[in-house]
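The values are calculated or read from the model by the stated rules, or taken from the named source; none is laboratory data. Treat the numbers as computed from the prediction; the structure is a model and nothing was measured. Cβ atoms come from the backbone with ideal geometry, glycine included; neighbour counts cover every protein chain shown. Areas reflect the complete protein model, heavy atoms only, side chains present, ligands, DNA and RNA absent. Shrake-Rupley method; radii C 1.70, N 1.55, O 1.52, S 1.80 Å.
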Amino acid sequence: MKDILFLLADLWMIFAGYFYGWKFIRRYGNYLLGLEWMVVATSGSNFLLWSLSGADSGSVLYDLAYFLDAFSRAVGITLILVMGLMQVTHRHKPSRGVDIAVFGVAIVAGLFLRQFHGADLHTDRAAFWVAVFFVVANLLTAVFLGYVAKRLWNAGAKRTAIWTGLVTAAGTAIAITYDFFPLPFDDADRTIFYTAALATWGTQGFVYFRAYRALHDHNAALDANPAHTTGTLA
């Protein structure tokens, strides 16, 4: 049963990443969020292939998994997420050069930070501080997402605001648990943890897309009727 739940959680994250990533690009021209969503989906696809092929730690899929993981934890679902959402919270759309530059930073961060994955945090001080960095980056991003939830609430999208807050809290719990608090009842492969993490990350992809859509539609309504300072969103 655990393996089936793990598979379903991974497939959900893969679907959410590719489907909503494409929607970000096709519907809104938001390459920051669209490509990052696809990076997450690619990470899930790679993780699935690695698991089904025997979970060999010597496989190139193993190295790719930790590169993609560090890519998103360090820059993707932190800086890139914030910059992408600012297109509807602050109407700030970065130039294509900035888009390319921030993905370049994410690639460099992923290549550098992947080496610290799996190190003993009690004996490796560098690995400990990298793990702290991942948590701090997540917490700072969560603060911004709290602001996004507030904007949604004020705009009338209260259900989406609540879901944004809940899924952000779940994502932060996963980020803290990831390196510092392994589940004592989990197996050696951390199946329960990764099932919860994949399900959470997939749901974040879905909920944050809906949050973006709600704020985009709200902004469009204000532009069409500037006399109104608030609006109601379904």
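Data for the structure
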{"read-out": "Restricting the range 68-101 to residues that are farther than 17 Å from VAL207 by Cα and of a type in the set (Ser, Thr, Tyr), the residue that is surrounded by the most Cβ atoms within 10 Å (Cβ to Cβ)", "value": "SER72"}
{"read-out": "Total residues in the range 14-36, condition under 17 Å from ARG73 (Cβ atoms) and open to solvent by 10 Å² or more (accessible area, probe 1.4 Å)", "value": "1"}
{"read-out": "Test for VAL108: is it among the β-branched types (Val, Ile, Thr), modelled with pLDDT of 95 or more, closer than 27 Å to ASP217 by Cα and surrounded by fewer than 21 Cβ atoms within 10 Å (Cβ to Cβ)", "value": "no"}
{"read-out": "Where PHE144 falls short, out of the listed (1) assigned to a helix (DSSP H, G or I); (2) loosely packed, with under 13 Cβ neighbours inside 10 Å", "value": "(2)"}
{"read-out": "Checking GLY118 against (1) modelled with pLDDT under 95; (2) assigned to a helix (DSSP H, G or I); (3) surrounded by fewer than 22 Cβ atoms within 10 Å (Cβ to Cβ), the condition it does not meet", "value": "(2)"}
{"read-out": "Only one of VAL136, VAL102, VAL40 that is within 21 Å of ALA9 (Cβ to Cβ) and modelled with pLDDT of 95 or more", "value": "VAL40"}
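Quick grid of which residues meet (1) basic (Lys, Arg); (2) under 16 Å from the mean Cα position of the chain (by Cα):
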position: HIS122; (1), (2): no, no
position: ALA126; (1), (2): no, no
position: VAL132; (1), (2): no, no
position: VAL136; (1), (2): no, yes
position: THR141; (1), (2): no, yes
position: PHE144; (1), (2): no, yes
position: VAL148; (1), (2): no, yes
position: TRP153; (1), (2): no, no
position: ARG159; (1), (2): yes, no
